[in-house]
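Chemist: Right, I'll just put the structure down here and ask away after.
The values are calculated or read from the model by the stated rules, or taken from the named source; none is laboratory data. Source: prediction; values computed, not measured. Using ideal geometry, Cβ is built from the backbone for each residue, glycine included, and neighbour counts are taken over all protein chains shown.
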Amino acid sequence: MKVIAAYLLSQLGGNSNPSSNDLKKILNSVGAEIDDMKIELLLSQVEGKDINELIAAGKQRLASTTCMSFGCTNNNNTNNASVGGQVVEEKKEEKKVEKVEESDEEDFNFSLFD
């Protein structure tokens, strides 16, 4: 994640094609451990690709993974969630308000102003 964050920071800084040295400088600036293999792997995977397209593809993958795990439905009008093929209704719990009584000075056998 550190290497990905450094890559994205470099992109945000205006460097559309960051090198491994650029990423190492960013990681060194925050005292992070540098793993050359991870840096080279990331750079080989994103080479020649647009960062906006990568982020959009990542969002789609995340959404599909989340839906597969939690059973998403397209019905946004209800408060029901489908989990494992079963519909589970979301229950709203009422909050209990406990009233705390203030203690008198007599309870402590002293007064702050005496």
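Chemist: Quick check on this structure: which one of LYS25, LYS91 is modelled with pLDDT under 90 and out of contact with any Lys or Arg (no Cβ under 6 Å at 6 or more places or on another chain)?
Modeler: Working: LYS25 fails: modelled with pLDDT under 90.
The conditions single out LYS91.
Chemist: Hey, another quick one. Of all residues in segment 47-58, which are surrounded by 10 or more Cβ atoms within 10 Å (Cβ to Cβ) and either of a type in the set (A, V, I, L, M) or part of a helix (DSSP H, G or I) (or both)?
Modeler: Taking segment 47-58 first, the residues surrounded by 10 or more Cβ atoms within 10 Å (Cβ to Cβ) are 49-51, 54-58.
Those that are surrounded by 10 or more Cβ atoms within 10 Å (Cβ to Cβ) and either of a type in the set (A, V, I, L, M) or part of a helix (DSSP H, G or I) (or both): ILE51, LEU54, ILE55, ALA56, ALA57, GLY58.
Chemist: List the number of the failed condition for SER44; all other conditions in (1) under 25 Å from the mean Cα position of the chain (by Cα); (2) at negative phi; (3) modelled with pLDDT of 90 or more hold.
Modeler: Condition (1) is where SER44 drops out.
Chemist: Please state which one of SER16, SER44 is part of a loop (DSSP other than H, G, I, E, B), of a type in the set (Ser, Thr, Tyr) and exposed (fewer than 12 other Cβ atoms within 10 Å of the Cβ). Let's see the steps before the verdict.
Modeler: On the way: SER44 fails: part of a loop (DSSP other than H, G, I, E, B).
From the options SER16, SER44, the qualifying one is SER16.
Chemist: Shifting gears a bit: Please enumerate the residues belonging to segment 19-41 that are within 24 Å of the chain's Cα centre (by Cα), loosely packed, with under 11 Cβ neighbours inside 10 Å and in a helix (DSSP H, G or I).
Modeler: Of everything in segment 19-41, just one residue is within 24 Å of the chain's Cα centre (by Cα), loosely packed, with under 11 Cβ neighbours inside 10 Å and in a helix (DSSP H, G or I), namely SER29.
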